[in-house]
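Have a look at the structure below, then the notes.
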Ligand code: SF4
Ligand code: SF4
């Protein structure tokens, strides 16, 4: 039952292995030669390795030529990140603080559909929807958030809001983590603050195209004509 | 005891205490910071003091201006000797001040170039440095050339009328130049302090200071059934012996003050013996020197044993017992090892031992086996890794389990002081104490047997200062070696420890005595041996000098080699870091 497939190496082995035992490369035991038993050469070897690291790292610290802890992390030397002087940039897909994306005219992309606040398991998004003013082409077709509030202290950074949004209006690609504050009300981010955040390229919009009211692709006028 | 002796003794005590406590404090820092660097980590350096800019500027500028003022006063007040050209003192003063000026300017420029090339240059001068000099290494080579060129320049013009006319000018101009360079460097450094304040971090020393402060303010706990009195005095018993032992360790040759000898050249043979006009560089001048050390360091065990007993804790008791038996065992080896050294040096006085080593050869060449045995036994005496069984923090926390606050701090600090003490002893007994190869009381004399290759006269004061610096430098080096041993080795098992002490080190030290005695007898009875031995002794001095120079050159060459590192960009983190030109703080990441 427990038969191993026979490999050429196993066939050529002089003695088939029986029972348990350690599988893998056998490490030679240190021999009990005088040089080992007298400790001194071995101590010297160990100290040599240590001093090599010591001098190299001390030199790099003194001359200010330390490894870059992210880019040169695989090279010998000190790879400690000296937070907060140095910070490892978060990876591309890191879910950081939210931002509200904008349209080309700078107004929020959000249409106040409440999908995100519905999806949010922590119930930390509060939205007050409002109609566009009379005469605006978008009135009757889409709404806008009069207030958009996220309690970042309550948020669990699950990203469900981003998934739920049909308009790509809320994103978590700022690359910034939640910041400590002195009091709870400071963690409550309002619409203007959320709109002021950009992604890591400094961009307030998104790359997903969106047709606006003058564009021929904008479906709102047709619908108004059909139903209005 | 006259006034001179009183004042000089107080000064010497202050010097020894200051230096030793300083080294001890630096060692506690070193043990954390440097041992992390060995493991490719940075270690604790996050404690930081933000000095307001005005304070930082004052701290930079004020001491430098004091030094500069003192130098200017010195240049103005000290009278020139009658014949400047012939005076060794004048030559020395010119040379030292010129070399120091070059040194200060050199280091300052190198640091400035490094700064200008790494961050954005602050002004036109820095821009010039960054664009033309480009690399701090170029400054280094230029400074080295300037240093080296001063020496042949001096010899080239020696004895010419140019030298005779130049010397009186330089006699005053040298210190003034140095003062100007020091003040200018300090001013420039002060001008670079950023307006947001200077972040005083001192490479992690602030962290050690914070630790010490913390210990003072922590609760002082005594176990309920412990012996209050013994519990309190045990740390003092631990701290006392390593400090008093240093009283008999000489850190320099006798300084003669009689008749203006300080500023002149004294003969190499003979020392001043008149106590009224000479200062021994030793706090306590004892005939039984080394025996005093044995008595005192033997008392060190009392602290650990008392602490273990008074704590009413089984682990403390175990630690105390281990300490007692370990230290008593190794004390035997420690004493017997040195008998061989006594036979060779023919004295118990530590200063005479050092003098013997200066005239003949360093102890490590005469008694190599004893050196290793003493090193091992002394490490065991300090209760440190690999002999730290009394502490054994991973098995029994040790004899200070029940100690907290500064009482624990005293035990802790005593351990580091013992490192300094044992290093000082090792230096004195085996590494030539204050001696530098070929440096005698009258200056530098490179001679093998009777052939003198070079003689360079130096004043008594500068020789003595050099010796004191040498001694403490050696002590720091040996302390570092001990620290490295601590970082390298794992702990012995207790039976291994005892076996090493009684079955290996003790028989070896006895054999060492026998072999040494026979060798000394043979040398004394064979007529021609003395000359050969003297030549051999000079050769060892040459070997030491060559090794020192080679080590420094190798270190500098290695340190100046440009470093090239390969970048590995596999993650989006690394891509973002590369895009911003390296890993640094970004404004959005709070
Ligand atoms: S990340 Fe999750 S918890 Fe935070 S706001 Fe979005 S849905 Fe709510
Ligand atoms: S952010 Fe998106 S999901 Fe949330 S209300 Fe606005 S459009 Fe709807």
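Some notes on this structure:
- The alpha-carbon atoms of region B:216-260, seen along their principal axes, cover 64, 21, 13 angstrom, with the largest extent given first.
- Of B:421, B:97, the sequence from fewest to most neighbouring Cβ atoms within 10 angstrom is B:97, B:421.
- Pairwise alpha-carbon distances in chain B exceed 48 Å for 23% of all pairs.
- In whole angstrom, region B:169-258 maps to an equivalent ellipsoid with semi-axes of 46, 30, 7, each derived as √(5λ) from the alpha carbon gyration tensor and ordered largest first.
- What the pair-distance distribution of region A:89-162 shows, using all Cα-Cα distances binned every 5 Å from zero, is 3, 14, 22, 23, 17, 11, 6, 3, 1, 0 percent.
- Over chain B, Cα pairs under 8 Å with separation of 6+ residues give a relative contact order of 17 percent.
- Contour excess over end-to-end distance, with Cα ends at residue B:122 and residue B:17 and 0.36 nm allotted per residue: 33.5 nm
- Those residues of region B:316-360 whose amide nitrogen sits under 16 Å from the label point placed on residue B:522, 7 Å along Cα→Cβ: B:344
- Between residue B:273 and residue B:346, the contour length at 0.36 nm per residue exceeds the Cα-Cα span by 24.3 nm.
- Förster-model FRET efficiency, 25 Å R0, residue A:157 and residue B:578, C-beta, rounded to 0.05: 0.45
- Taking label points 7 Å from Cα along the Cα-to-Cβ direction, residue B:209 and residue B:66 give a separation of 1.6 nm.
- Relative contact order (percent, whole number), region B:245-380, Cα cutoff 8 Å, 6+ residue spacing: 24 percent
- Cα centroid of region A:163-193 to Cα centroid of region A:114-150, whole Å: 16 Å
- Each part gets one Cα centre, and for region B:465-512 versus region A:23-87 those centres are 23 Å apart.
- Label-point gap, in nm, between residue B:78 and residue B:59 - each point 7 angstrom along Cα→Cβ: 3.1 nm
- For q = 0.16 Å⁻¹, Debye-computed log10 I/I(0) when each Cα of region B:73-223 counts as one equal scatterer: -0.98
- Summarised in one figure, the compactness ratio Rg/Rh of region B:522-590, Cα atoms and Kirkwood Rh, is 1.58.
- Only helices enter this figure: runs of n ≥ 4 DSSP H residues, each worth -39500 (n - 2.57), summed and divided by the residues of chain A, yield -6500 deg cm²/dmol at 222 nm to the nearest 500.
- Semi-axis lengths (Å, descending) of the ellipsoid that matches the C-alpha gyration tensor of region B:307-362: 39, 11, 7
- Rg followed by Dmax, in Å, when the protein assembly as shown is reduced to its Cα trace: 36.1, 129
- Size descriptors for chain A, from the alpha-carbon set: Rg then Dmax equal 31.4, 101 Å.
- The order of A:165, A:158, going from fewest to most other C-beta atoms within 10 Å of their C-beta, is A:158, A:165.
- Of all the options A:48, A:106, A:159, the one that moves most in a Gaussian network model of chain A with Cα springs shorter than 10 angstrom is A:48.
- Estimated FRET transfer efficiency when R0 is 25 angstrom, pair residue B:7-residue B:466 (beta carbons, to 0.05): 0.65
- The label point for residue B:558 and the one for residue B:510, both projected 7 Å from the Cα toward the Cβ, are 4.2 nm apart.
- Per-residue ellipticity at 222 nm, computed for chain B from helices alone with -39500 (n - 2.57) per DSSP H run of at least four residues, works out to -22500 deg cm²/dmol.
- Residues considered: A:162, A:188, A:49. Largest GNM mean-square fluctuation over chain A, using C-alpha springs under 10 Å, is found at A:49.
- C-alpha center-to-center spacing [region B:226-246, region B:73-150] in angstrom: 49 Å
- Take every pair of alpha-carbon atoms less than 8 Å apart whose residues are at least six positions apart; their mean separation over the length of region A:54-210 yields a relative contact order of 26 percent.
- At R0 = 30 Å, FRET efficiency that the Cβ-Cβ distance of residue A:205 and residue A:181 yields, to 0.05: 0.60
- Cβ-based exposure ranking for A:139, B:349, B:322, in which fewest neighbours within 10 Å come first: A:139, B:349, B:322
Where a number appears in this text, it was derived from the coordinates with a stated rule and is not lab data. No experiment lies behind these values; they were computed from the predicted model shown. Here the Cβ is made from the backbone with ideal geometry for all residues, glycine too, and neighbour counts use every protein chain on show.
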